[in-house]
Amino acid sequence: MVTGTPRDLIHIRLASFVLFLTIALGVLALVAKATVLVIVLAVVAVVAIVDVMFAVRRQRRLGTGPRSTG
């Protein structure tokens with residue numbers, strides 16, 4: 001477990017859970033040929049990925065995240 005602020009850890013965990021759900025539902029939507037739902041889920045997945053990237057970046061900047069210099 002990487003040490004970090006509680007806010008960043010919550011962002012990473014919730015976003016990874018959302019990402020897992022969007023991928024699972026996206027596959028089901030592809031099978032059902034629901035293109036609008038696939039597009040919406042893809043946008044949600046991209047937002048979750050960006051949120052994780054910003055949380056990891058904040059951890060590194062604070063000096064408590066992976067590959068930090070502190």
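Restricting attention to region 57-70, and to residues there that are surrounded by 12 or more Cβ atoms within 10 Å (Cβ to Cβ) and among the hydroxyl-bearing types (S, T, Y), which single residue is modelled with the lowest pLDDT? Step by step, filter region 57-70, then rank; the result is S68.
Could you look through region 22-35, keep only residues that are open to solvent by 70 Å² or more (accessible area, probe 1.4 Å) and part of a helix (DSSP H, G or I), and pick out the one that is farthest from A45 (Cα to Cα)? This residue is V31. Would you say F54 is at pLDDT 95 or above, of a type outside the set (G, A, S) and in a helix (DSSP H, G or I)? The answer is no for F54.
Scanning region 4-21 for residues that are surrounded by 13 or more Cβ atoms within 10 Å (Cβ to Cβ) and either more than 12 Å from the chain's Cα centre (by Cα) or hydroxyl-bearing (S, T, Y) (or both) returns G4, T5, S16.
The values are calculated or read from the model by the stated rules, or taken from the named source; none is laboratory data. Nothing here was measured: the structure is a model prediction, and the numbers come from that model. Every residue, glycine among them, receives a Cβ derived from its backbone with ideal geometry; neighbour counts consider all protein chains shown. Surface accessibility is based on the protein's heavy atoms, side chains included, excluding ligands, DNA and RNA. Shrake-Rupley method; radii C 1.70, N 1.55, O 1.52, S 1.80 Å.
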